[in-house]
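The values are calculated or read from the model by the stated rules, or taken from the named source; none is laboratory data. Worth saying up front: this structure is predicted, and the values here are computed from it rather than measured. Positions of Cβ are generated from backbone atoms using ideal geometry, with glycine treated the same way; all protein chains shown enter the neighbour counts. Accessible surface areas use protein heavy atoms only, side chains included; no ligands, DNA or RNA. Shrake-Rupley method; radii C 1.70, N 1.55, O 1.52, S 1.80 Å.
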Amino acid sequence: MSEPSAESPPKSAAKAFADGLRSAFGSVFFYVLLGNYLGIGALAHEFNFSVLWMVLSTILIWAAPAQLILISTLGTSTLIEVAIAVTLSSVRFLPMVAGLLPTLRAEGTRQRDLVLPMHFTAISVWVEGLRLAGLLPRAERVAFYNGLGTGLMFSAAVASAGGYYLAATLPPLLAAALLFFTPMAVLMVSARNSRTLLDGLSFGLGLVVWPAVAAMKLGLELMWTGLIAGTIAYVVHRVREGVR
Amino acid sequence: MSATMAEIGPYLALILVGFLPNEVWRVLGLVLVRGLDERSQFIVWVRAVATAMLAGVLAQLILASSGALAAVPLWVRIGAAAVGLLAFFAARRSVFAGVAAGVGAFVLGAYLMGY
C-alpha cells in the first residue's frame, strides 16, 4: 500500500518506467546510438570477436570509447595495458553518477535501488535523464530513468549485432559517417541543454581547455579538462550569485 | 604482468579489463554521494566538472578521432560540426536538424575529398 500523497497521485513504478521507455524512443540518441553502435559492431567483426561478445560488451561496459579501446587493443596489447587505457577513458562516470543520483533519490530510496541507474549512466542517458527526470515527482524518477536507460541500451545492443553482420558490406565512407553521429548529437544536445550560465560556461570552457591540455601531453586530458574548466565555471557562477 | 587475451579467453578478458576498470568509476560516484543533497555546493561543482568532461569528450572525438573517422581530414570534421551547429540555431534549436546537417556536411566533405 502506498501512502497517500499531498501532490498529484503518484504513478506506479511500471507506468514511470514505460514513460522512460517512450522518452528513449523519442530521443535523438536512440537513433544516434543505432548509428554509432553499427560502426562499433562492424569493428568487432573486423577484429574477430563473436557477436555475443560484442553485445555483452555493450550491455556490461555501456561506454563507446571504452569499447573502442577494448576491441582495437585486446588482440595486440597486454591485459594490464588494456585495463589502464579503459580506466583512463572512463573517469567521466564518477562526476556524472555523483551529479545525478541526488536528483533521482526520493525519501525511502535504498542504495541498492540506485545500482541500476548507476549502471545505465552513460553520456546519452545522463544528458537526457538529468533534464527529464528533474521535471518529474521524486517518487517516479528512478523508474523513469531505468526505462530511459533500458530503451537506449536496447537500441545500442540491437545495433551492435546489426553492425557485426553488416560489417562486410559497409563502405568506408558510411562507416566513418556512422561514427560521426555521436559527436554531433553530443554537441546539439549540450547546446540545447545549456540553459544556465554554469552549464554553458562549463561546456564552452571544456571545448577550449581540452585542446590546450592535450597539446601539453600531460596525460589524463579528460580529467584535467573537467577539473580546470568545471572549477573555473563554478567559481564564475558563485561570484555572479554573490553579486546578485 | 605480460598476460594477454590469448591466455584467459575473450569473455574473461571482457570482464577483467573491460567491465571492471570501467564500472569502478560509476561505483565510486554512487558511494561518494551517499546522503548528499542535490542542492549542496559540492554537487553543483561536480556537475560542472562532468559537463566540462563531456565537452572534452566531444573535442577528443572531433579533433583526435580514431578508427574510420581518422581517415577523414580534420578540417572536414571541424567544418561539418560548424555546419551542424549553424543548422541547429537556424532551425530554432532543433537537435534533429543539427545532427542531420552535421552528418550530411561530413559525408559531402569526405566524398568530395575522395573517400
What's the number of the condition residue B:12 fails, among (1) closer than 16 Å to residue A:100 by Cβ; (2) modelled with pLDDT of 95 or more?
(1)
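Just give me the residues in the stretch A:199-241 being among the hydrophobic types (A, V, I, L, M, F, W, C) and without any contact (Cβ under 8 Å) to a residue 12 or more places away in the chain, in sequence order. Explain how you work it out, then say what you get.
Residues of the stretch A:199-241 among the hydrophobic types (A, V, I, L, M, F, W, C): A:201, A:203, A:205, A:207-210, A:212-216, A:218, A:220, A:222-224, A:227-229, A:232-233, A:235-236, A:239.
Answer for the stretch A:199-241, where residues must be among the hydrophobic types (A, V, I, L, M, F, W, C) and without any contact (Cβ under 8 Å) to a residue 12 or more places away in the chain: A:207, A:212, A:214, A:215, A:216, A:218, A:227, A:235, A:239.
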Give the residue, chosen from B:82, B:52, that is within 18 Å of the chain's Cα centre (by Cα) and closer than 19 Å to residue A:88 by Cα.
B:52
Scan (1) open to solvent by 10 Å² or more (accessible area, probe 1.4 Å); (2) touching a residue at least 40 places away in the same chain (Cβ under 8 Å); (3) closer than 20 Å to residue A:192 by Cα for the single condition residue A:120 breaks and write down its number.
(3)
For the list (1) among the β-branched types (Val, Ile, Thr); (2) open to solvent by 30 Å² or more (accessible area, probe 1.4 Å); (3) at the interface with another protein chain (Cβ under 7 Å from one of its Cβ atoms), I need the number of the one condition that residue A:51 fails.
(3)
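Open to solvent by less than 10 Å² (accessible area, probe 1.4 Å) and assigned by TED's automatic domain parsing to the domain that holds residue A:102 - does that describe any residue in the stretch A:132-140?
Narrowing the stretch A:132-140 to residues open to solvent by less than 10 Å² (accessible area, probe 1.4 Å): A:133.
Within this subset, residues satisfying the condition of being assigned by TED's automatic domain parsing to the domain that holds residue A:102 are A:133.
The answer is yes, given that some residue of the stretch A:132-140 is open to solvent by less than 10 Å² (accessible area, probe 1.4 Å) and assigned by TED's automatic domain parsing to the domain that holds residue A:102.
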Looking at the structure I just gave you, is residue A:130 closer than 19 Å to residue B:47 by Cα and touching a Ser or Thr at 6+ places or on another chain (Cβ under 7 Å)?
yes
Among (1) more than 16 Å from the chain's Cα centre (by Cα); (2) closer than 17 Å to residue B:28 by Cα; (3) open to solvent by less than 40 Å² (accessible area, probe 1.4 Å), residue A:89 falls short only on (1)
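Quick check on residue B:67: is it within 7 Å of chain A (Cβ to nearest Cβ) and without any contact (Cβ under 8 Å) to a residue 60 or more places away in the chain? Can you show your working first?
Working: within 7 Å of chain A (Cβ to nearest Cβ): yes; without any contact (Cβ under 8 Å) to a residue 60 or more places away in the chain: yes.
Against the criterion (within 7 Å of chain A (Cβ to nearest Cβ) and without any contact (Cβ under 8 Å) to a residue 60 or more places away in the chain), residue B:67 qualifies.
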Go through (1) more than 10 Å from every other protein chain (Cβ to nearest Cβ); (2) open to solvent by less than 10 Å² (accessible area, probe 1.4 Å) and name the single condition residue A:96 misses.
(1)
Using the structure shown, decide if residue B:86 is under 23 Å from residue A:211 (Cα atoms) and more than 8 Å from every other protein chain (Cβ to nearest Cβ).
yes
Note on residue A:84: of the conditions (1) modelled with pLDDT of 90 or more; (2) over 26 Å from residue A:190 (Cβ atoms); (3) surrounded by fewer than 18 Cβ atoms within 10 Å (Cβ to Cβ); (4) among the hydrophobic types (A, V, I, L, M, F, W, C), unmet is (1)
Taking the residues in the stretch A:54-71 that are within 30 Å of residue B:36 (Cα to Cα) and modelled with pLDDT under 95 as candidates, determine which candidate is farthest from the other protein chains (Cβ to nearest Cβ).
A:64
Could you tell me which of the residues A:79, A:74, A:116 is closer than 26 Å to residue A:155 by Cα and at the interface with chain B (Cβ under 8 Å from one of its Cβ atoms)?
A:74
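This table checks each residue for (1) under 25 Å from the mean Cα position of the chain (by Cα); (2) within 13 Å of residue B:48 (Cα to Cα); (3) of a type in the set (D, E, K, R).
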| site | (1), (2), (3) |
| --- | --- |
| A:197 | yes, yes, no |
| A:203 | yes, yes, no |
| A:210 | yes, no, no |
| A:214 | yes, no, no |
| A:219 | yes, no, no |
| A:225 | yes, yes, no |
| A:240 | no, no, yes |
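Got a sec? Which helices (runs of 4 or more DSSP H) wholly within the stretch A:138-244 have at least 2 residues that are within 10 Å of chain B (Cβ to nearest Cβ) and more than 30 Å from residue A:110 (Cβ to Cβ)? So that I can check it myself, show each step before the final result.
Working: elements: A:138-166, A:172-193, A:197-216, A:221-243.
Because the criterion is at least 2 residues that are within 10 Å of chain B (Cβ to nearest Cβ) and more than 30 Å from residue A:110 (Cβ to Cβ), the helices (runs of 4 or more DSSP H) in the stretch A:138-244 that meet it are A:172-193, A:197-216, A:221-243.
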Out of the stretch B:42-87, which residues are over 26 Å from residue A:42 (Cβ atoms) and assigned by TED's automatic domain parsing to the domain that holds residue B:113?
B:82, B:85, B:86, B:87
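Suppose the filter is of a type outside the set (Phe, Trp, Tyr), out of contact with any Lys or Arg (no Cβ under 6 Å at 6 or more places or on another chain) and within 22 Å of residue A:66 (Cβ to Cβ); does residue B:46 pass it?
On the way: of a type outside the set (Phe, Trp, Tyr): yes; out of contact with any Lys or Arg (no Cβ under 6 Å at 6 or more places or on another chain): yes; within 22 Å of residue A:66 (Cβ to Cβ): yes.
Spelling it out, residue B:46 is indeed of a type outside the set (Phe, Trp, Tyr), out of contact with any Lys or Arg (no Cβ under 6 Å at 6 or more places or on another chain) and within 22 Å of residue A:66 (Cβ to Cβ).
Just checking, which of B:12, B:54 is at the interface with chain A (Cβ under 7 Å from one of its Cβ atoms) and at negative phi? Reasoning before the result, please.
Working: B:12 fails: at the interface with chain A (Cβ under 7 Å from one of its Cβ atoms).
Just a single option satisfies the conditions, and that option is B:54.
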